[in-house]
Amino acid sequence: MAKPVKIILAGEGGQGVQSVAEIIAEAANEEGREALYIPNFGVEQRGGVSVAYLQIGDEPIGAPKFLTGDIVIALSDRAVRRTKQYAGPDTLFVYDTSIKNIENELPKNAKKVLGIPAIEVSKKELHPRVFNIVIMGAVLKASGVVTVKNAKVALEQLLGYKFEKDPKLRELNYRALERGVELVGQHIVEEGMLNGSNLYWTNLGSEKDFLDTVSRPL
Amino acid sequence: MPEKLIQGEKKVFMTGNEVVAWAAVAAQAEIMYGYPITPQNEIMHYWTRLVPKYGLKFLQTEDELSAGFTTAGGVLAGRRAFTATAGPGNTLMQEPLSMAEAMRLPVVVIVQQRGGPSTATVIYSQQEVTLTTLGGNGEGLRVVYSTATHQELFDYTIKAFNTAWKYRFPTFVLGDGYQAKMRESLTIYEPELRGITMVPTEPFVGRDGIPGVDREPVHLRNTYNVEEELYEVLEKYLADYARVAPKIAEYEAFDIKDADLVVISHGVVSRACKAAVKELREEGYRVGHFRPITLRPLPVEQLREVAGQTKQLLVVESSNGQLDRLVKEAIYGSTAKMFSLFKPGVGVTTEEVVAQVKGIKG
């Protein structure tokens, strides 16, 4: 039985990790795959670390939460501290390089720890508001659970009415998605992980489809 | 009339709270009464969003005592009425639900369990099993379905209305915060297309005709003057319950025939247990899984059969033995050795169940 891909997204309230998880889950469902997404939530109205648990597979998903993630993405210092417990020997742990003094807090037992400058890229090249879409691109590239093409369809469904009013927004979101893909992709190429048996590459069922939709030099 | 909310059947992807609201509309529920409490709030939100154009109603009350009593009131008027609550709200609601037991009122209650005791967490638990199955100052004359998937939340919310109105016992759908908040796919459908006919409702009070002349007078009681009078009524109710219990009881089991250890769980925890048993089977462990779907009445015969043919039972739950106590009572006399994995107020993962079984097996 093929196990589902298990993803954890964690960040500060407002960074949009829940909406990213939800969009990916919806897109996977649209593709006819099995998806289960559950947010963590507490009594606080704002503040605190927001964690999203996402699983995507080809058979009905079991328990909604899990002890070890295949991919863990932490976007703040508190998120790193909160989620390093989910790292195991097969985990790709991704964090944002803008987080200060976090080196000693990063998990030691992960298969790979990857720093990406998502916050900086979204601020300088794009717009801070599409930071979560950059992260979405990173998740898609790392996990291969949904093609970028279908993620765009999902974005269109969610934000289409806004895109109609301002087509530039569509471009901005698509660009953010692609930049996110690149941020993870670069590292995979640089470190020769393309041909390995790493989950975050081999799980990419329709690799060609996936790449066709991304206009970038890989 | 506007088009039906659900036409035919379709695959959807939504939260459990949303599923309950859609199921209640599909079941032709007419009114929801409720007071907000996390994690069930969105049942109210979706219900109020879905129903105005179908002429269905919602009443927000001042607290859960009132929500329970108004639901009973809706039922007395012959309406297919329901409410939803959780945690401390479930505690408060036991008073009106005791009255519903006393008067045999078919109220339907959705419970999305949260952490306890008291306010505790708004997140998740399985700590409302004792309260929901045996709460109130009575004898637990009620039916409790414990669901594990969104499909079951849909199926059993519809079924709860029919069980309640057919047998005239308060009926509960026991979910939890995980099921309430998570999103997964399910198929929603018009009940008639699956051969499900909604049991007709009728008013308990305000019927046509002159009482004592055209028809028997209606005498609904939750107060008695003498002990014997109460005893006589309860004997009848308890006999009614015992008679229909085997018809109501439901369970799910697999791989139990040759198992020397059977994992017992209910609700969302069963998802972890099921996956764990499959994984352990692949590694050669002779394990099986048994899951009561009704926690009240329990599928006693089947539980006793399982306990009689296996050597070890492992009860797994997100509470400190609330299911375990029910199981032990049901299988009293069995010589199967009992093990447990209790995580009160916390979710159980597949990995933990696998580790527990391997620990037992050495």
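The values are calculated or read from the model by the stated rules, or taken from the named source; none is laboratory data. Not measured: the values here are computed from a predicted model. Positions of Cβ are backbone-derived with ideal geometry, glycine not excepted, and every protein chain shown enters the neighbour counts.
Per-structure values
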item: Residues (crowded, with 23+ Cβ neighbours inside 10 Å and of a type outside the set (A, V, I, L, M, F, W, C)) located in the stretch A:65-89; result: A:Lys65, A:Gly69, A:Asp70, A:Thr83, A:Tyr86
item: Options A:Glu30, A:Glu34: the member that is more than 16 Å from the chain's Cα centre (by Cα), under 21 Å from B:Gln151 (Cβ atoms) and modelled with pLDDT of 95 or more; result: A:Glu34
item: Any hit, the stretch A:90-102, residues being touching a strand residue (DSSP E or B) at 6+ places or on another chain (Cβ under 9 Å) and within 14 Å of chain B (Cβ to nearest Cβ); result: yes
item: Unique match (being surrounded by 21 or more Cβ atoms within 10 Å (Cβ to Cβ) and either more than 26 Å from B:Tyr178 (Cβ to Cβ) or out of contact with any Gly (no Cβ under 9 Å at 6 or more places or on another chain) (or both)) among B:Leu341, B:Leu261, B:Leu295; result: B:Leu341
item: Lone unmet requirement of (1) within 14 Å of chain B (Cβ to nearest Cβ); (2) touching a residue at least 60 places away in the same chain (Cβ under 8 Å); (3) assigned to a loop (DSSP other than H, G, I, E, B) for A:Ala154; result: (3)
item: Selected residue (criterion: surrounded by the fewest Cβ atoms within 10 Å (Cβ to Cβ)) from residues of the stretch B:119-143 that are in a loop (DSSP other than H, G, I, E, B) and within 14 Å of the chain's Cα centre (by Cα); result: B:Gly140
item: Residues satisfying the stated conditions in the stretch B:159-210, i.e. among the acidic types (Asp, Glu) and either more than 14 Å from chain A (Cβ to nearest Cβ) or free of Cβ contacts under 8 Å to residues at least 24 places away in the same chain (or both); result: B:Glu190, B:Glu192, B:Glu202, B:Asp208
item: Elements of type strands (runs of 3 or more DSSP E) contained in the stretch B:1-118, each with 1 or more residues being farther than 30 Å from B:Leu238 by Cα and touching a strand residue (DSSP E or B) at 6+ places or on another chain (Cβ under 6 Å); result: B:9-15, B:57-60
item: Only listed residue being surrounded by 15 or more Cβ atoms within 10 Å (Cβ to Cβ), among the hydrophobic types (A, V, I, L, M, F, W, C) and out of contact with any Lys or Arg (no Cβ under 8 Å at 6 or more places or on another chain), chosen from B:Val300, B:Val226, B:Val287; result: B:Val300
item: Of all residues making up the stretch B:317-338, the number that are surrounded by fewer than 17 Cβ atoms within 10 Å (Cβ to Cβ) and part of a strand (DSSP E or B); result: 2
item: Filtered residue count, the stretch B:45-64, keeping only those that are under 18 Å from B:Arg80 (Cα atoms) and crowded, with 22+ Cβ neighbours inside 10 Å; result: 1
item: Residue check, A:Val214 assigned to a loop (DSSP other than H, G, I, E, B) and modelled with pLDDT of 70 or more; result: no
item: Qualifying residue in the stretch B:14-27 (condition: without any contact (Cβ under 8 Å) to a residue 40 or more places away in the chain and at positive phi); result: no
